[in-house]
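The values are calculated or read from the model by the stated rules, or taken from the named source; none is laboratory data. These numbers were taken from a predicted model, which means no experiment stands behind them. Cβ coordinates were reconstructed from backbone atoms using ideal geometry, including for glycine residues, and neighbour counts include every protein chain displayed.
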Amino acid sequence: MQGRHYLVTGGSAGIGLDCVSLLVDQGARVHVVARGQSGLDEVKARFGDAVTTVAADLAETEAVDQVARHLTDHQVTALDGLVVNAAKYGFRSLSVSPTSELQAYFQVNVISTIQLINMALPRLRAGQGRSIVCVSSTLSTRPIAGTGAYAASKAALNSLVQTYALECATDQIRVNAVLPGVVDTDIHEPQTDQDPPRAEKMAALGPQHPLGRVGRVRDVSSMILFLLGEQSAWTTGSLYNVDGGISLV
Ligand SMILES: NC(=O)c1ccc[n+]([C@@H]2O[C@H](COP(=O)([O-])OP(=O)(O)OC[C@H]3O[C@@H](n4cnc5c(N)ncnc54)[C@H](OP(=O)(O)O)[C@@H]3O)[C@@H](O)[C@H]2O)c1
């Protein structure tokens, strides 16, 4: 991966940040997308010239154009891999979900993914790594009550990964997804006064996984790195559970 270029969305925290770290360790140049400038500034301070950062909110329809302009401004004409990792997550019963909220889930988790992949494809054809990895969720195949919009959007994501795998195969561009179980990241910070503290939530959810614990970011980022790399050269259209076995119970 030395000197190769990768685009990672949601690369300022959690799973995405650990991907950036693994890629930089391999000698890659990584272009990082997130909304918050302060998180991006920390990424820049930590990784220096190995990264460029762009603040863009993938809930906005013009965000991908912003990312494209950023790549052009930095003379990034070839990409070796794309990690579509940023997502909208939350809880609300489908029966009371406002239309605007449903649209926001699908804009961030589905439509912006299509926009990102379409924007990246010419650059991926010009690169050598030719791999796209999307971060889905075990909830996409095994929803729980209250996660309907998120789960449905991630199920759509799984489907589009497989369609792109077929459509991009002639260019030798591979498209795969990872489906994490519960991973201890900021996504689990309490969203309302009724939510338990994150540590308490993680302690309760760990034993529900057959392997007896919640995930660590490295559990998922190492699978993403494998799917970006040449060791997975004959793998496309695959949906990998990385979940401590929770999708089996
Ligand atoms: N953690 C889990 O238990 C779990 C389980 C299954 C699947 N996943 C999936 O794993 C992926 C990463 O989640 P995580 O747990 O690592 O989350 P996280 O720690 O909360 O990090 C999310 C990252 O995405 C960025 N982001 C969020 N919304 C964005 C938007 N609208 N536009 C651009 N960037 C945005 C965040 O930065 P800003 O806030 O500054 O934008 C941050 O860099 C997501 O696709 C999630 O659905 C996570």
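Give the residues of region 43-67 that are under 15 Å from T113 (Cβ atoms) and of a type in the set (G, A, S), sorted by residue number.
Selection gives A56, A59, A63.
I need the full set of residues from region 107-126 which are in contact with a Lys or Arg (Cβ under 7 Å, 6 or more places away or on another chain) and more than 17 Å from N176 (Cα to Cα), in order please. Quick ask: steps written out before the conclusion?
At the first step, the residues of region 107-126 found to be in contact with a Lys or Arg (Cβ under 7 Å, 6 or more places away or on another chain) are 108-109, 124.
Of everything in region 107-126, just one residue is in contact with a Lys or Arg (Cβ under 7 Å, 6 or more places away or on another chain) and more than 17 Å from N176 (Cα to Cα), namely V108.
If Y6 satisfies every condition in (1) within 14 Å of the ligand (Cβ to nearest atom); (2) touching a Gly at 6+ places or on another chain (Cβ under 7 Å); (3) touching a residue at least 60 places away in the same chain (Cβ under 8 Å) but one, which is the exception?
Among (1) within 14 Å of the ligand (Cβ to nearest atom); (2) touching a Gly at 6+ places or on another chain (Cβ under 7 Å); (3) touching a residue at least 60 places away in the same chain (Cβ under 8 Å), Y6 violates only (1).
Across region 46-65, what is the number of residues that are farther than 17 Å from D25 by Cβ and loosely packed, with under 15 Cβ neighbours inside 10 Å?
Just the residues of region 46-65 that are farther than 17 Å from D25 by Cβ, to begin with: 52-65.
Cutting the leftovers down to loosely packed, with under 15 Cβ neighbours inside 10 Å gives us 60-62, 65.
Going through region 46-65 one residue at a time, the tally reaches 4.
Just to be sure before I move on: is V110 within 16 Å of the ligand (Cβ to nearest atom) and out of contact with any Gly (no Cβ under 6 Å at 6 or more places or on another chain) in the structure I sent? Spell out how you get there, then give the answer.
On the way: within 16 Å of the ligand (Cβ to nearest atom): yes; out of contact with any Gly (no Cβ under 6 Å at 6 or more places or on another chain): yes.
When the stated conditions are applied, V110 passes them.
Tell me which residues, restricted to region 1-52, are among the β-branched types (V, I, T) and in a helix (DSSP H, G or I).
Here is the first cut: in region 1-52, the ones among the β-branched types (V, I, T) are 8-9, 15, 20, 24, 30, 32-33, 43, 51-52.
I15, V20, V24, V43 - these are the residues of region 1-52 that are among the β-branched types (V, I, T) and in a helix (DSSP H, G or I).
Out of the residues in region 25-72 meeting the condition of being within 10 Å of the ligand (Cβ to nearest atom) and touching a Gly at 6+ places or on another chain (Cβ under 8 Å), tell me which one is farthest from A86 (Cα to Cα).
Per the criteria, the residue is V43.
Would you mind stating whether V76 is away from the ligand (no atom under 16 Å from the Cβ), within 26 Å of N176 (Cβ to Cβ), outside any helix (DSSP H, G or I) and not hydroxyl-bearing (S, T, Y)? Working first, answer last.
Numbers: away from the ligand (no atom under 16 Å from the Cβ): yes; within 26 Å of N176 (Cβ to Cβ): yes; outside any helix (DSSP H, G or I): yes; not hydroxyl-bearing (S, T, Y): yes.
Judged against the criteria, V76 is a match.
Which numbered condition in (1) out of contact with any strand residue (DSSP E or B) (no Cβ under 8 Å at 6 or more places or on another chain); (2) on the phi > 0 side of the Ramachandran plot; (3) of a type outside the set (F, W, Y) is the only one that G14 fails?
It is condition (1) that G14 fails.
Output the qualifying pairs, or none if there are none: Cβ atoms under 7 angstrom, residues six or more apart or on different chains, first residue in region 91-107 and of a type in the set (D, E) and surrounded by 13 or more Cβ atoms within 10 Å (Cβ to Cβ), second residue modelled with pLDDT of 95 or more and assigned to a helix (DSSP H, G or I).
E101/A149
For residues that are within 16 Å of the ligand (Cβ to nearest atom) and either modelled with pLDDT under 95 or assigned to a loop (DSSP other than H, G, I, E, B) (or both), scanning just region 79-89, find the one that is farthest from V30 (Cα to Cα).
My answer is Y89.
Within 20 Å of N118 (Cα to Cα) and touching a residue at least 60 places away in the same chain (Cβ under 8 Å): does that describe A165? Steps first, answer last, please.
Numbers: within 20 Å of N118 (Cα to Cα): yes; touching a residue at least 60 places away in the same chain (Cβ under 8 Å): yes.
The answer is yes for A165.
Cβ contacts < 9 Å: first residue within 19 Å of V108 (Cβ to Cβ) and hydrophobic (A, V, I, L, M, F, W, C), restricted to region 136-150; second residue assigned to a loop (DSSP other than H, G, I, E, B) and near the ligand (Cβ under 7 Å from one of its atoms), any location; separation 6+ or different chain. Result?
A149/K88
In region 169-201, which residues are surrounded by 19 or more Cβ atoms within 10 Å (Cβ to Cβ) and either in contact (Cβ under 8 Å) with a residue 60 or more places away in the chain or under 18 Å from T113 (Cβ atoms) (or both)?
Across region 169-201, the qualifying residues are I173, R174, V175, N176, A177, V178, L179, P180, G181, V182, V183, T185.
Looking at (1) farther than 19 Å from L121 by Cα; (2) hydrophobic (A, V, I, L, M, F, W, C); (3) more than 9 Å from the ligand (Cβ to nearest atom), which is the only condition V175 fails?
Failing condition for V175: (1).
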